[in-house]
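Remarks on the structure that follows.
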């Protein structure tokens, strides 16, 4: 009975985690764009997907960054884990604490910190800096995956291989790696998954034609951050104004200083009508 309850609980956890994904997969074949009402089976959305060169290019870049960053982070993280494991207790604790900082920090904090570092070092942002950022994100997870396997390793098995005449690198590859390979593979898979999850396509856009801003009272700051895009492309804007009363005057004035040719309209974005939105066209 206890075994049945445990298996049932595990099954419920997996259903809870994967049922939404299954629903999304099923509705990706829906004839309409609705994710609630089934209107018929079709492959047209996948046909449009594979005919969209921008999406395919983005997918290629995503997989390339994820694969390279995961592979490099796995190599660097495994080497770092071995080095940290070989340290004495106090230095090991310090390095593991430092290693946990990127894991505990929100991704946006680490991302902004890396961006400021690249700017300070005068690195040209692009594919290289994106790859370096993802390696930085991923390496700590590899270290955390490999360290438990190193703790389970018999500390004398490597020394025994050396005593039997094996070269250090040969002993490491034939004795240590097979013992920790499951942790290495786990670290690679986590790195690959996180890299895909965190990836944002960086490219020079030919056109931006619409911007929707609803960021809990920071719409004015967002307008300032998007100033160059607004000046260059004059995108249509939909900006929530229900957070601050001052925004009713401040935001239109700010937009007018960037592009005097904007026209403004007030409306309601939601069905309930409580969300006041400023439209600029």
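Condition test on residue 28, is it surrounded by 12 or more Cβ atoms within 10 Å (Cβ to Cβ), within 24 Å of the chain's Cα centre (by Cα) and over 30 Å from residue 135 (Cβ atoms)?
Details: surrounded by 12 or more Cβ atoms within 10 Å (Cβ to Cβ): yes; within 24 Å of the chain's Cα centre (by Cα): yes; over 30 Å from residue 135 (Cβ atoms): yes.
Taking the combined requirement at face value, the residue satisfies it.
Test residue 150 against the stated conditions and say whether it is within 23 Å of residue 71 (Cβ to Cβ) and assigned to a helix (DSSP H, G or I). Even if it seems obvious, please write down each step before you answer.
Numbers: within 23 Å of residue 71 (Cβ to Cβ): yes; assigned to a helix (DSSP H, G or I): yes.
Taking the combined requirement at face value, the residue satisfies it.
Of all residues being more than 21 Å from residue 261 (Cβ to Cβ) and within 29 Å of the chain's Cα centre (by Cα) in the stretch 226-248, which is modelled with the lowest pLDDT? Just the residue, please.
Ranking the qualifying residues of the stretch 226-248, first place goes to 243.
Looking for something modelled with pLDDT under 85, assigned by TED's automatic domain parsing to the domain that holds residue 189 and surrounded by 14 or more Cβ atoms within 10 Å (Cβ to Cβ) - is there at least one such residue anywhere in the stretch 96-104?
Yes, the conditions are met somewhere in the stretch 96-104.
What residue, of 84, 72, 55, 90, is farther than 30 Å from residue 31 by Cβ and loosely packed, with under 15 Cβ neighbours inside 10 Å? Spell out how you get there, then give the answer.
Details: 84 fails: loosely packed, with under 15 Cβ neighbours inside 10 Å; 72 fails: loosely packed, with under 15 Cβ neighbours inside 10 Å; 55 fails: farther than 30 Å from residue 31 by Cβ.
Among 84, 72, 55, 90, only 90 is farther than 30 Å from residue 31 by Cβ and loosely packed, with under 15 Cβ neighbours inside 10 Å.
Is at least one residue of the stretch 109-121 exposed (fewer than 13 other Cβ atoms within 10 Å of the Cβ), assigned by TED's automatic domain parsing to the domain that holds residue 185, within 17 Å of the chain's Cα centre (by Cα) and within 23 Å of residue 141 (Cβ to Cβ)?
As a first pass, look at the stretch 109-121 and keep what is exposed (fewer than 13 other Cβ atoms within 10 Å of the Cβ): 109, 112, 116, 119-121.
Subset that is assigned by TED's automatic domain parsing to the domain that holds residue 185: 109, 112, 116, 119-121.
The next check asks that each one be within 17 Å of the chain's Cα centre (by Cα); those that pass are 109, 112.
Retained after the next criterion (residues that are within 23 Å of residue 141 (Cβ to Cβ)): 109, 112.
Yes, because at least one residue in the stretch 109-121 is exposed (fewer than 13 other Cβ atoms within 10 Å of the Cβ), assigned by TED's automatic domain parsing to the domain that holds residue 185, within 17 Å of the chain's Cα centre (by Cα) and within 23 Å of residue 141 (Cβ to Cβ).
The values are calculated or read from the model by the stated rules, or taken from the named source; none is laboratory data. All values derive from a computational prediction rather than experimental measurement. So basically every Cβ, Gly included, is an ideal-geometry build from the backbone, and we count neighbours across all protein chains shown.
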